[in-house]
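Structure first, then comments.
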Amino acid sequence: MAKAAAIQHACSECGYTTGKWLGKCPACGSWGTLVEERIAAAPKAAAVGAGRPLLRLVDVEASDAERIPTGVTELDRVLGGGLVPASLVLVSGDPGIGKSTLLLMALRSLSAERRVLLVTGEESSAQVKLRADRLGGGADVHILAETNLDEVCATLERERPEVCVIDSVQTLYAPELGSAPGSVAQVREAAGRLLRVAKEQGIATFLVGHVTKEGAVAGPRVLEHLVDCVLQFEGDRYRSHRVLRAVKNRFGSTNELGVFEMTGAGLEGVEDPSSIFGRSQDDQPGSAVVCALEGTRPLLLEIQALVSQSDLAMPRRVATGVDPKRLSMIVAVLGRHAGVALGQADVFVNVAGGVRIDEPAADLGIALAIASAARGTRVRDGLACFGEVGLTGRLRPASQADRRLAECAKLGFSDVIVPEGTESRVKMRLTAAETLRQAIQAGLDAGGSSD
Ligand code: TYD
Ligand code: MG
């Protein structure tokens, strides 16, 4: 007896599937994200063979350790020293942030020595050409304007380029699935098929992926598990700096940062981001410079804070570039252990340049900026700091102090507040503070601290 057409409902946020429609996804808790899709007929199970012979790990040839330099230094850095052959890299970011520009730049320089292909589903060939002209010409980049997944895979198998960019994975569709391009089933199918082609034919593939307004890669989480690297392109679309970071990397560290500036002629790598992000814009209260360590690279960042009398029953804590939980914790420690009461105040914190910091060693900078804003007293001129703030109000030393101090010295910050117990061989003036209260006393201009 013929079965009725199989229908399932899949969550467009996390990929959870269920037989019946639900208003709220039980897996990720999003509302209204379950969409109906048809299940493609399962292929007949292949006959089970006798299995395959085994290989000892020591006998495996590891020639794939070599990497392909993309010609875009900051991109290579984030990838962990270049593109790994036959790897699948997902590049995600808000619309207009510069994903297409970045990858076209990489293709242009790669095309000097390798066969490269750009599959564009979003823009026409003519639009890509206009962009390429802005970047200085199309070089030897081959282009395919196609959204049919079968055609794309067939072309890849025939042409076997060394590097390929799919812009974007959400525009591809497999006709047999019947759901719309960009749906969970389509994105999952496209990524799965491209993965197989990439591995079989040895094609290093960049997938461009859109993000939802919450900042997650649209489509199922499945996509993130499939690929070898997930790179996120962030930054303020209205300002010119962009930060590229690896969220997942099977071949390298996930802490590396690439910093770019969007100019009239494409994205330009920023060699020395500290000189941009770490410069205090003005000498008003509420600004502090912290040295965070992103991967192997120390980075000076300016943190700005605003503290104002609240008229709400529950005062606001607004963080841009800082984890909101971390901010709440710091505000609580400031109130309880450092004499900076903020119970009746709105607190806003912002990291300059649209950079996001996750590192606990940035705590001290955040605390100092807030204390400075709350007291209306400037942070001492030419002062930088770093260190983790504990719940008891004590400071904890940060890792790799020497690297951070060297960066501070390079950028002309001769005066650094560090947690007691920080070991360093760099010769410069250090102020060691045991507690947050001491650090604030030492860091703010004299005369302002009243307790
Ligand atoms: P794009 O790469 O199209 O973004 P995405 O693919 O992530 O959606 O970048 C678009 C923005 O970049 C657009 O606002 C114009 C700007 N831009 C420049 O400022 N200079 C340039 O040379 C190029 C190519 C783009
Ligand atoms: Mg684009």
Check: Do you know which of the residues in region 398-436 that are without any contact (Cβ under 8 Å) to a residue 40 or more places away in the chain, open to solvent by 70 Å² or more (accessible area, probe 1.4 Å) and touching a strand residue (DSSP E or B) at 6+ places or on another chain (Cβ under 9 Å) is farthest from GLY365 (Cα to Cα)?
Finding: ARG429
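Does region 301-312 contain at least one residue that is in contact with a Cys (Cβ under 9 Å, 6 or more places away or on another chain), open to solvent by less than 20 Å² (accessible area, probe 1.4 Å) and part of a strand (DSSP E or B)?
Here is the first cut: in region 301-312, the ones in contact with a Cys (Cβ under 9 Å, 6 or more places away or on another chain) are 301.
Still in the list and also open to solvent by less than 20 Å² (accessible area, probe 1.4 Å): 301.
Among the residues that remain, those that are also part of a strand (DSSP E or B) are: 301.
Yes, region 301-312 contains at least one residue that is in contact with a Cys (Cβ under 9 Å, 6 or more places away or on another chain), open to solvent by less than 20 Å² (accessible area, probe 1.4 Å) and part of a strand (DSSP E or B).
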Next item on the list: Taking the residues in region 145-171 that are touching a strand residue (DSSP E or B) at 6+ places or on another chain (Cβ under 7 Å) and under 20 Å from GLU13 (Cβ atoms) as candidates, determine which candidate is nearest to ligand 1 (Cβ to nearest atom).
Entry: SER168
Item checked: Output for region 423-451, where each listed residue is modelled with pLDDT of 90 or more and assigned to a loop (DSSP other than H, G, I, E, B) -> GLU434
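Which of the following residues is touching a Phe, Trp or Tyr at 6+ places or on another chain (Cβ under 6 Å) and closer than 24 Å to LEU83 by Cα: VAL165, VAL187?
Working: VAL187 fails: touching a Phe, Trp or Tyr at 6+ places or on another chain (Cβ under 6 Å).
VAL165 is the lone residue from the list that is touching a Phe, Trp or Tyr at 6+ places or on another chain (Cβ under 6 Å) and closer than 24 Å to LEU83 by Cα.
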Next item on the list: Looking only at region 110-140, count how many residues are more than 13 Å from ligand 1 (Cβ to nearest atom) and surrounded by 18 or more Cβ atoms within 10 Å (Cβ to Cβ).
Entry: 5
Next item on the list: Hey, can you tell me all the residues within region 172-204 that are at pLDDT 90 or above and within 16 Å of ligand 2 (Cβ to nearest atom)?
Entry: LEU172
Margin query: Can you pull out every residue in region 95-108 that is open to solvent by 50 Å² or more (accessible area, probe 1.4 Å) and not basic (Lys, Arg)?
Written below: PRO95, GLY96
Note to self: Among the numbered criteria (1) in contact (Cβ under 8 Å) with a residue 12 or more places away in the chain; (2) over 21 Å from THR422 (Cα atoms), which one does LEU383 miss?
What the structure shows: (2)
Notebook entry, point to check: What residue, among those in region 224-245 that are open to solvent by less than 20 Å² (accessible area, probe 1.4 Å) and touching a Gly at 6+ places or on another chain (Cβ under 7 Å), is modelled with the highest pLDDT?
Noted result: LEU244
Next item on the list: Looking only at region 91-107, decide whether some residue is of a type outside the set (Lys, Arg) and more than 16 Å from ligand 1 (Cβ to nearest atom).
Entry: no
Item checked: Failed item in (1) touching a residue at least 40 places away in the same chain (Cβ under 8 Å); (2) on the phi > 0 side of the Ramachandran plot; (3) surrounded by 15 or more Cβ atoms within 10 Å (Cβ to Cβ); (4) within 16 Å of ligand 1 (Cβ to nearest atom), with GLY178 passing the rest -> (4)
Note to self: Out of everything in region 342-373 that is surrounded by fewer than 24 Cβ atoms within 10 Å (Cβ to Cβ) and over 26 Å from the mean Cα position of the chain (by Cα), what residue ends up being farthest from LEU312 (Cα to Cα)?
What the structure shows: LEU342
Next item on the list: Look at VAL89 and say whether it is among the aliphatic types (A, V, I, L, M) and either within 15 Å of VAL208 (Cβ to Cβ) or in a loop (DSSP other than H, G, I, E, B) (or both).
Entry: yes
Checklist line | Single unsatisfied condition, ALA319 versus (1) part of a loop (DSSP other than H, G, I, E, B); (2) open to solvent by 10 Å² or more (accessible area, probe 1.4 Å); (3) outside the structural domain of ALA132 (by TED's automatic domain parsing) | finding: (1)
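The values are calculated or read from the model by the stated rules, or taken from the named source; none is laboratory data. Being a predicted model, the structure only gives us computed values, none of them experimental. In this analysis, Cβ positions are derived from the backbone assuming ideal geometry, glycine residues included, and neighbour counts consider all displayed protein chains. To get the accessible areas, we keep the full protein, side chains included, count just its heavy atoms, and leave off ligands, DNA and RNA. Shrake-Rupley method; radii C 1.70, N 1.55, O 1.52, S 1.80 Å.
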